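Asks: Mind having a look at this structure? Questions to follow.
What follows is calculated from the coordinates using simple rules that are stated; it is not laboratory data. The structure presented is a predicted model; accordingly, all values stated were derived computationally and were not measured. With ideal geometry, Cβ positions are generated from the backbone for all residues, glycine too; neighbour counts draw on all protein chains shown.
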Amino acid sequence: MKVKSIIDEAEQLQLAIELIKLGARLQLLESQTDLSRERLTKLYKEIRGSSPPKGMLPFSTDWFLTWQPNIHSSLFLNIYNFLKVNAGLTGIQGLVKSYQLYLEQYHSIEKADDHPLSDEPVLSLIRAWTLIRFVDQKLLKTESCSCCKGNFIVDVYDLHEDYLCNLCHVPSRAGKYQKNKKYLLAA
Amino acid sequence: MEIVNKFQETILDEIRDANLNYLMLAQQMIKADKAHAIFRLGVNSDIADLIGSLSNSQLIKLASANMMLTRFRFDDSVMLGMLTSNHKGQSQAIAHSSILMACQPAQAIA
């Protein structure tokens with residue numbers, strides 16, 4: 001599709017720059033802007049200093065249900081829904097604003113941890129975008145925890161009577177693998 | 001007869017200080033980025049607009065009320081006990097409280 005006005009194009013470029021800085025891949029950029037693939041690739045190289053990653057986007061709903069990803073993606077989705085209801089933000093603006101707020105929360109969660117994992121946030125922008133589409137397509141939904149009343153992401157087809165969230169009922173081996181991996185790498 | 005003693009006077013002063021701090025910070029946040037401010041303050045967009053549009057003299061007038069203008073955001077004692085208990089790590093407690101905060105409805109003008 002051809003971009004008509006120059007102002008419109010400038011706005012789209014601005015959006016693309018912001019998205020790339022937050023970690024977007026070409027598929028997301030292409031779906032949200034009318035800029036050509038070549039220009040987006042160029043822009044990506046200029047900002048990141050490397051070619052955009054190739055290959056498919058993550059497509060599994062299972063990732064959102066494992067322990068640590070579930071906590072982080074629930075946090076993101078709650079922020080997104082909060083902004084949707086209270087600030088009237090939807091679409092790409094809602095995604096950008098809520099992802100920025102998630103990054104802040106992630107930062108303070110990591111800082112409190114004795115063994116900070118990495119600089120890479122648990123939930124990437126692409127995964128956050130995928131999550132919103134999964135929820136829109138009714139593959140995933142949120143369920144209120146019967147203990148803390150917080151909303152957490154669950155599979156639509158699982159049974160959720162007396163649902164306990166991953167933080168009220170922490171699995172025994174939760175989070176151990178990543179820490180061990182970190183030690184192994186350090187050794 | 002002394003109506004307000006020294007101790008009470010100090011407390012009232014502190015409340016006014018806290019109110020002024022709160023309002024100024026809130027206004028700054030709303031002007032910088034409204035959507036982020038709405039999330040951080042836990043208010044809806046009507047209240048955000050209202051605070052954002054206060055003039056300096058209005059702000060000072062509002063702050064000099066001798067009642068706290070802010071309210072405690074956790075109103076569930078079970079939840080609060082869970083968050084402050086030492087059963088889990090600090091990072092989990094932060095994640096949990098962030099999720100619960102984001103689940104709560106925003107304060108709105110009735």
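Asks: Which whole number gives the average, over all residues in B:102-108, of C-beta atoms from other chains lying within 10 Å of the residue C-beta? Mind showing how you got there, number by number?
Replies: Details: counts 16, 12, 4, 3, 4, 1, 1.
The shielding value for this peptide is 6.
Asks: Another question, then. Please arrange A:I6, A:I109, B:I94 by counting, for each residue, the other beta carbons lying within 10 Å of its beta carbon, fewest first. Please report the intermediate quantities before stating the final value.
Replies: Numbers: A:I6 8, A:I109 23, B:I94 18.
With the sparsest Cβ surroundings first, the list reads A:I6, B:I94, A:I109.
Asks: Continuing with the same structure: Please rank B:H96, B:H36, A:H160, A:H169, fewest neighbouring Cβ atoms within 10 Å first, as an exposure proxy. Write out the running numbers ahead of the final one.
Replies: Values: B:H96 24, B:H36 18, A:H160 15, A:H169 11.
Going from least to most buried by this count: A:H169, A:H160, B:H36, B:H96.
Asks: Which residue, chosen from A:Y102, A:P69, A:L139, occupies the Cα position most advanced towards the positive end of the dipole of segment A:1-148, where the dipole is computed from +1 (Lys, Arg) and -1 (Asp, Glu) charges on Cβ about the Cα centre?
Replies: Value: A:L139.
Asks: From other protein chains only, count the Cβ atoms within 10 Å of every residue's Cβ in A:37-50, then give the mean.
Replies: 0
Asks: Relative to the longest principal axis of chain B, what angle (0 to 90°, nearest 10) does the C-alpha long axis of helix B:6-32 take?
Replies: Once rounded, one gets 60 degrees.
Asks: Moving on to the next point. For A:R127, A:R133, what's the fewest-to-most ordering of other Cβ within 10 Å of each Cβ? Spell out each step's value before the answer.
Replies: Numbers: A:R127 21, A:R133 11.
Going from least to most buried by this count: A:R133, A:R127.
Asks: Once you have the Kirkwood Rh of segment A:125-172 from its Cα pairs, apply Stokes-Einstein at 10 °C and 1.306 mPa s and quote D in µm²/s.
Replies: Working: Rh = 11.6 Å.
The estimated diffusion coefficient comes to 137 µm²/s.
Asks: Can you list, largest first and rounded to whole Å, the semi-axes you get for segment A:1-62 by taking the square root of 5 times each eigenvalue of its Cα gyration tensor? If you can, show how the numbers build up before the last one.
Replies: Values: eigenvalues 91, 38, 22 Å².
Sorted largest first and rounded, they come to 21, 14, 10 Å.
Asks: Still on this structure, I have one more. Relative to the first principal axis of the alpha-carbon coordinates of chain A, what is the inclination of helix A:176-186, with its axis defined by its Cα atoms, in degrees from 0 to 90 and to the nearest 10?
Replies: Approximately 60 degrees, to the nearest 10.
Asks: Something else about it: Can you tell which of B:A106, A:G55, B:F7 lies farthest toward the positive end of the dipole of the protein assembly as shown, using +1 and -1 charges on the Cβ of basic and acidic side chains (Lys, Arg; Asp, Glu)?
Replies: Working it through, the farthest residue towards the positive pole turns out to be A:G55.
Asks: Short version: what are the Cα gyration tensor semi-axes of chain B, square root of 5 times each eigenvalue, largest first, in whole Å? Mind showing how you got there, number by number?
Replies: Values: eigenvalues 163, 103, 27 Å².
For chain B, the ellipsoid semi-axes come out as 29, 23, 12 Å.
Asks: Please give the per residue volume of the convex hull enclosing the alpha carbon atoms of segment B:1-55, rounded to a whole number of Å³. Present the calculation step by step, with values, prior to reporting the outcome.
Replies: Numbers: hull volume 5.1 nm³, N = 55.
About 94 Å³ per residue, rounded to a whole number.
Asks: If N is the number of residues in segment A:1-107, what value comes out of its Cα radius of gyration divided by 2.2 N^0.38 Å? Please list the in-between numbers first.
Replies: Details: Rg = 15.4 Å, N = 107, 2.2 N^0.38 = 13.0 Å.
Working it through for segment A:1-107, the quotient is 1.19.
Asks: With +1 assigned to the C-beta of every Lys and Arg and -1 to the C-beta of every Asp and Glu, and no other charges, what is the dipole magnitude of chain A about the Cα centre in debye, to the nearest 20? Don't jump to the answer; show the numbers that get you there.
Replies: Working: 23 positive and 21 negative charges, 95 e Å.
Charge dipole, chain A, about its Cα centre: 460 debye, nearest 20.
Asks: Further, regarding this structure: Nearest 10 degrees is fine. How inclined is helix A:37-48 to the longest principal axis of chain A, computing both from alpha carbons?
Replies: Long axis of A:37-48 versus the principal axis of chain A: about 60 degrees.
Asks: Let me ask something else. Give me log10 I(q)/I(0) at q = 0.14, 0.15, 0.19 Å⁻¹ for chain A, Debye formula, one equal scatterer per alpha-carbon, no solvent.
Replies: Those come out to -0.90, -1.01, -1.40, one per q.
Asks: Taking each residue in A:65-72, count the Cβ atoms of any other chain within 10 Å of its Cβ, then average. What number comes out?
Replies: Across A:65-72, the average partner-chain Cβ count within 10 Å equals 1.
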